[in-house]
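Shown next, in structure tokens, is the structure this report addresses.
Every read-out reported here was derived from the displayed coordinates using simple, explicitly stated rules and does not represent laboratory data. Every value quoted in this text rests on a predicted model; they were computed, and no experiment measured them. As a convention, Cβ positions derive from the backbone with ideal geometry for all residues, glycine included, and neighbour counts pool all protein chains shown.
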Amino acid sequence: MVRSYSKISQRYSMWDSFRNTRIKLLEEAISEGKVDEKIIPLLKKINENKDLVTISSCYGRIVLLGFDVAKTKKTSTFYQKWHRRVSEEEVELALANYTGRLPLWFKVEPFILHVAAKDMPAAIDFLTKMRKAGVKRGGIQGIQKDRANIEMQGTISLAFPVDAFEGSWNDMIAMANKMMELNEKQVKKLERIKW
């Protein structure tokens, strides 16, 4: 009996140490301006639950990315990224000034969060709440002695090579901004959950 209690106690102290480290790293990243401002309220809300801790996040973004589909992801380079809605002028100016060698892609990417849960019941509870909030893309990505790692991601996305686009940038930017607005509504909905 003492042994099993000792193992449980050790697992929770490992969790507490891991969680405290992650919270400190997040606080440092926030103070250095390395965290997307609009996702900070959600991160803080999730971190109020002692059985959870956020590991990484992105609020969602509009991106111009140099990328060659014939090569690996390692060859991609961010040319321009905005974690907000953009103007047609911003995008057209960025396109006009692009001098990279890789084909340029226009992308809209949804929010993404990585969260660690203390144990499987906490992970399942998190996933249940996530799905009730309307987020369908997510799941357990890995299990370690002291935690389960979860990924949660929005579904709003768009990607195409700039050279192949023949439409109106005004219409495309309006669509991208609408997608960012929907992404923002999803994040706000997640903020209202009692994690």
Which of Phe106, Phe18, Phe78 fluctuates most in a GNM of the chain (C-alpha springs under 10 Å)? That residue is Phe78
Would you mind getting the Kirkwood hydrodynamic radius of the stretch 120-195 from its Cα pairs, rounded to one decimal in Å?
14.8 Å
Which of the following values of Rg/Rh (Cα atoms, Kirkwood Rh) was calculated from the structure shown: (1) 1.06; (2) 1.14; (3) 0.96?
(1)
Given a 10 angstrom Cα cut-off, can you work out which residue in Arg101, Arg85, Arg131 is the most mobile in a GNM of the chain?
Arg101
Using helices alone, what [θ] at 222 nm do you get for the chain, with -39,500 (n - 2.57) per DSSP H run of 4 or more residues, divided over all residues and rounded to the nearest 500?
-14000 deg cm²/dmol
What is the fewest-to-most order of Ile30, Ile156 by other Cβ atoms lying within 10 Å of their Cβ?
Ile30, Ile156
Remind me, relative contact order of the stretch 2-191 in percent, using alpha carbon pairs under 8 angstrom and six or more residues apart?
23 percent
Excluding residues fewer than 8 positions from Lys185 in its own chain, the aspartates and glutamates with Cα under 18 Å of it are Asp36, Glu37, Glu109
Please state the charge dipole magnitude for the stretch 9-79, taken about the Cα centre, from unit charges on C-beta atoms (+1 on K and R, -1 on D and E), reported in debye and rounded to the nearest 20.
220 debye
Compute a Gaussian network model of the chain, connecting alpha carbons closer than 10 Å, and tell me which residue from Gly60, Gly154, Gly100 fluctuates the most.
Gly100
